[in-house]
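Written below as structure tokens is the structure these notes are about.
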Amino acid sequence: MEYRQLGSSSLKVSPICFGCNVFGWTADEEMSFRLLDGWLDAGFNFYDTADVYSRWHDGNEGGESETIMGKWLESRGCRDKIVLATKFGMDMGDGKVGLSPDYMMRAVEDSLRRLKTDYIDLYQSHKDDEDTPVDATLEAYAKLIEQGKVREIGASNFSASRLKEALDASKTKGLPRYQSLQPLYSLVERDTFEGDLENLCEAENVGVIGFYSLASGFLTGKYRSKADMEGRIRAPRVEKYVTEDGFRVLDALDEVAQKHNAKMGQVALAWLMARSSVTSPIASATNMDQLAELTAAANVTLDADDIAKIDEASK
């Protein structure tokens, strides 16, 4: 498997990143361990989580995903074989939110404790914090890098203007730079990233690890009608895609998938991996069959006609 360099950093990552938001939510600890093992055994090394995962689930308070990952890392002794990404900044309750230096210092210690590791490969600002100057956040990251607790830093859910402001501050003041961006990006959510944000990332060599790459499962083709969503936990997130435009994308994916003897979700990921701006799209699985489909997606190579057909359907 050919790994990809993340921005201008020293990190080399697999062409797909495993999204660990499902741990402690739609995947229990036992299944999470199996998924983590399977991803590594298949030759992939990139895992993305966050302190807030999965606070939204009834009975959870946040930190569940990191805790499961920490138990797995401790039991497997494989810390040096993976690239571990996590994030902070989303609301964890009790005033724990934002990108202030004081909160970062507390948040990183909590994540390190849960992850049972002494360093994070990619520590990310989960969302912008307009109340904290970008310089202050970057200066705090610099301290963590100096202490050896963080190797590289990234941003998530940033606008083009705010990301540029941070990159400019890094350049002019000699501060650590955001080596990656996590934007919302899929074939049914192109507008958020394409345009100014994508152009900036390419011009500044910022790696892109987009989330919701399969649109909460919609691009796998399992939601073909409103009836298909009944009783499914992700239904509220998928409903907005069940439209004429969404079905047009599915039809194109279906056609290309048949040509390659592949699954629709694999083609959707292959389209992302073929984008010059994208380093490693994030995708999740909740069982071993889904994991097998994800790992096989790395072997699907689209030609120019395939890409043109999908582009036309997803405009």
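Derivation of every value follows stated rules applied to the coordinates shown; laboratory data play no part. None of these values were measured; they are calculated from a predicted model. Every residue, glycine as well, gets a Cβ built from its backbone with ideal geometry; the counts of neighbours run over all protein chains shown.
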Relative contact order as a percentage, the chain, C-alpha pairs under 8 Å and 6+ apart, gives 18
Give the residues of the stretch 243-266 whose amide nitrogen is closer than 17 Å to a point set 7 Å from the Cα of Ala274 in the direction of its Cβ. 249-266
Compute the acute angle (0 to 90°) between the alpha-carbon long axis of helix 64-76 and the principal axis of greatest extent of the alpha-carbon atoms of the chain; round to the nearest 10°. 90
What span do the alpha-carbon atoms of the stretch 87-220 cover on each of the three principal axes, reported in whole Å from largest to smallest? 39, 35, 25
A chain fully extended from Arg190 to Asp135 at 0.36 nm per residue, minus the present Cα-Cα distance, gains in nm 16.8 nm
I'd like the FRET efficiency for Glu2 and Lys259, computed as 1/(1 + (r/R0)^6) with the beta carbon distance as r and R0 of 25 Å, rounded to 0.05. 0.60
What dipole magnitude, in Debye to the nearest 20, does the chain give about its Cα centre under +1 on Lys/Arg Cβ and -1 on Asp/Glu Cβ? 480
In the stretch 46-84, the GluC sites (Glu not before Pro) that sit in a DSSP loop and have at most 12 other Cβ atoms within 10 Å of their own Cβ are Glu61
At 7 Å along the Cα-to-beta-carbon direction for both Arg79 and Asn287, put a label point, then send me their distance in nm to one decimal. 3.5
According to a simple spin-label model (label point 7 Å from Cα along Cα-to-Cβ), what is the distance in nm between Asp37 and Asp303? 4.1
Pairs of Cα atoms under 8 Å, at least six residues apart: use those to get the relative contact order of the stretch 104-192, whole percent. 28
Measure nothing but the geometry: give the 0 to 90° angle between the long axis through the Cα atoms of 264-274 and the longest principal axis through the Cα atoms of the chain, rounded to 10°. 50
Can you tell me the Rg and the Dmax, both Å, for the Cα atoms in the stretch 11-168? 15.2, 44
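Once you have the Cα-Cα distance between Ser10 and Glu61, take 0.36 nm times their residue separation minus that, and quote the gain in nm to one decimal.
Extending this stretch completely gives an extra 15.0 nm.
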Taking 0.36 nm per residue of separation and subtracting the Cα-Cα distance, what length does fully extending Thr172 through Lys116 add? 16.6 nm
The stretch 65-147: spread of alpha-carbon positions along the three principal axes, whole Å, largest first, is 40, 28, 16
Quick one: check the C-alpha center-to-center distance for the stretch 25-78 versus the stretch 248-291, whole angstrom. 23
Over the stretch 174-222, what per residue volume does the convex hull of the Cα atoms give, in whole Å³? 71
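Semi-axes, largest first, in whole Å: what does sqrt of 5 times each Cα gyration tensor eigenvalue give for the chain? If you can, show how the numbers build up before the last one.
Working: eigenvalues 183, 102, 70 Å².
Gyration-tensor ellipsoid for the chain: 30, 23, 19 Å.
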Take the residue pairs Lys12/Lys71; Lys127/Lys240; Lys96/Lys315; Lys127/Lys315; Lys71/Lys127; Lys116/Lys143 and return only those whose Cα atoms are more than 32 Å apart. Lys96/Lys315
